[in-house]
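Data first, discussion second: the structure below is written as structure tokens.
The values are calculated or read from the model by the stated rules, or taken from the named source; none is laboratory data. Just so it is clear, the structure is predicted and the values come from calculations on it, not from any experiment. For neighbour counting, all protein chains shown are included, and Cβ atoms are generated from backbone atoms with ideal geometry for every residue, glycine included. Please note that ligands, DNA and RNA were not included when accessible areas were found on the heavy atoms of the full protein model with its side chains. Shrake-Rupley method; radii C 1.70, N 1.55, O 1.52, S 1.80 Å.
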Amino acid sequence: MTHSRRGGGRDADGGGGRGFVTPGRLAVLLLTALALVFVFQNTGQTRIRLLVPVVTMPLWVALLIPGVVGVLAGMYLVRRR
């Protein structure tokens, strides 16, 4: 009896047999962890100019906001491919 494979010969995880942990995913997880450590170790207050107004906020918030915007922009661009 022959068995047919669905999905063009890929395994059930969709990775072609490489598994969940790939070098690329591991690098992304490591960089994310390092970025979060950097952000949360910088907890002092800072003054930031947002075009015209000057606001005072924790430095970790000022670092985290562009990081989240960058992740969302990256997810949008990858999804558009």
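What pairs come out if I take residues in the stretch 66-81 that are under 17 Å from V28 (Cα atoms) and pair them with residues that are part of a helix (DSSP H, G or I) and open to solvent by less than 90 Å² (accessible area, probe 1.4 Å) whose C-beta lies under 9 Å away, six or more apart or interchain?
Hits for this filter: G67/A35; G67/L36; G67/V39; V71/T32.
Please verify whether R47 is at pLDDT 90 or above, of a type outside the set (V, I, T) and either more than 12 Å from the chain's Cα centre (by Cα) or open to solvent by 100 Å² or more (accessible area, probe 1.4 Å) (or both), treating the condition exactly as stated. Spell out how you get there, then give the answer.
On the way: at pLDDT 90 or above: yes; of a type outside the set (V, I, T): yes; either more than 12 Å from the chain's Cα centre (by Cα) or open to solvent by 100 Å² or more (accessible area, probe 1.4 Å) (or both): yes.
Answer is yes for this residue.
Any idea which residue in the stretch 22-44 is surrounded by the fewest Cβ atoms within 10 Å (Cβ to Cβ), counting only those that are part of a loop (DSSP other than H, G, I, E, B) and at pLDDT below 85? Before you say what the answer is, go through the steps one by one.
From the stretch 22-44, those part of a loop (DSSP other than H, G, I, E, B) are 22, 42-44; that's our starting set.
With the extra rule that they be at pLDDT below 85, the set shrinks to 42-43.
Numbers: N42: 15, T43: 10.
Step by step, filter the stretch 22-44, then rank; the result is T43.
Does the stretch 50-81 hold any residues that are open to solvent by less than 50 Å² (accessible area, probe 1.4 Å) and in contact with a Lys or Arg (Cβ under 9 Å, 6 or more places away or on another chain), and which are they?
V55, M57
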